[in-house]
Amino acid sequence: DGGITQSPKYLFRKEGQNVTLSCEQNLNHDAMYWYRQDPGQGLRLIYYSQIVNDFQKGDIAEGYSVSREKKESFPLTVTSAQKNPTAFYLCASSTWDRVREQYFGPGTRLTVT
Amino acid sequence: AQSVAQPEDQVKVAEGNPLTVKCTYSVSGNPYLFWYVQYPNRGLQFLLKYITGDNLVKGSYGFEAEFNKSQTSFHLKKPSALVSDSALYFCAVRVPTGANNLFFGTGTRLTVIP
């Protein structure tokens, strides 16, 4: 899982509560990404950030928010507006070059009841 | 639009036999192709990539993949499977001149039978 840490590994929340997932990298990568993984659907991009203080919506951004105040950190907030928040969330980072090979963190499994 | 297909949800192979995990893609432009592996409750680990050049790419843990432009495929192969290769495998594609996203297939679960 390289130099990317995600915490916590497991997270439980009640419906209607916002929750923030942590992602930190020490790879000196400019770009960071958040994906959601559901069984049988592969990985879907939620948000990505090319550089500090800038981020772009991915394919499924509704109900999520992010910030990028530091190069090393890219926290994801799952808001109460997200209809089906229970999933496995993966953070990744890459250089912002032509290839952009992505390195992944260990993931956070969020369960909302 | 970019897309990646992994036509087999599951692949089972006996230990010591060769394995193939299939991937086909649809892109407009020259693709960058990647294979990742995921063990239970873990993040994705990079296996190999094709950017340009030799169509046969060698990667980690004895895996290799062959880029076939005419068939738009990038199948993952290993000459002799190990029980420890059992995991979920993802193919991904990006077009460098297109969208910034890395598009993933839905994954193939490989089971190596002792």
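Laboratory data are not the source of any read-out in this text; all were calculated from the coordinates shown. Being a predicted model, the structure only gives us computed values, none of them experimental. Every residue, glycine as well, gets a Cβ built from its backbone with ideal geometry; the counts of neighbours run over all protein chains shown.
Relative to the present Cα-Cα distance, how much length would full extension add between B:Ser26 and B:Gln71 at 0.36 nm per residue of separation?
Fully extending the segment from B:Ser26 to B:Gln71 adds 15.2 nm.
Distance from the Cα centre of region A:47-112 to that of region B:81-97, in angstrom?
Cα centroid to Cα centroid, the span is 21 Å.
Among A:Pro75, B:Pro40, A:Leu110, which residue has its Cα positioned farthest towards the positive end of the charge dipole of the protein assembly as shown, with +1 placed on the Cβ of Lys and Arg, -1 on the Cβ of Asp and Glu, and the dipole taken about the Cα centre?
A:Leu110
Which value, in debye to the nearest 20, describes the size of the charge dipole of the protein assembly as shown about its Cα centre when Lys and Arg Cβ atoms bear +1, Asp and Glu Cβ atoms bear -1, and nothing else is charged?
220 debye
Can you figure out the FRET efficiency of A:Lys83 with A:Asp30, using R₀ = 30 Å and their beta-carbon distance, to the nearest 0.05?
Rounded to the nearest 0.05, the efficiency is 0.40.
Enter the mean projected area of the convex hull around the alpha-carbon atoms of chain A, in nm², rounded to one decimal.
Value for chain A: 6.6 nm².
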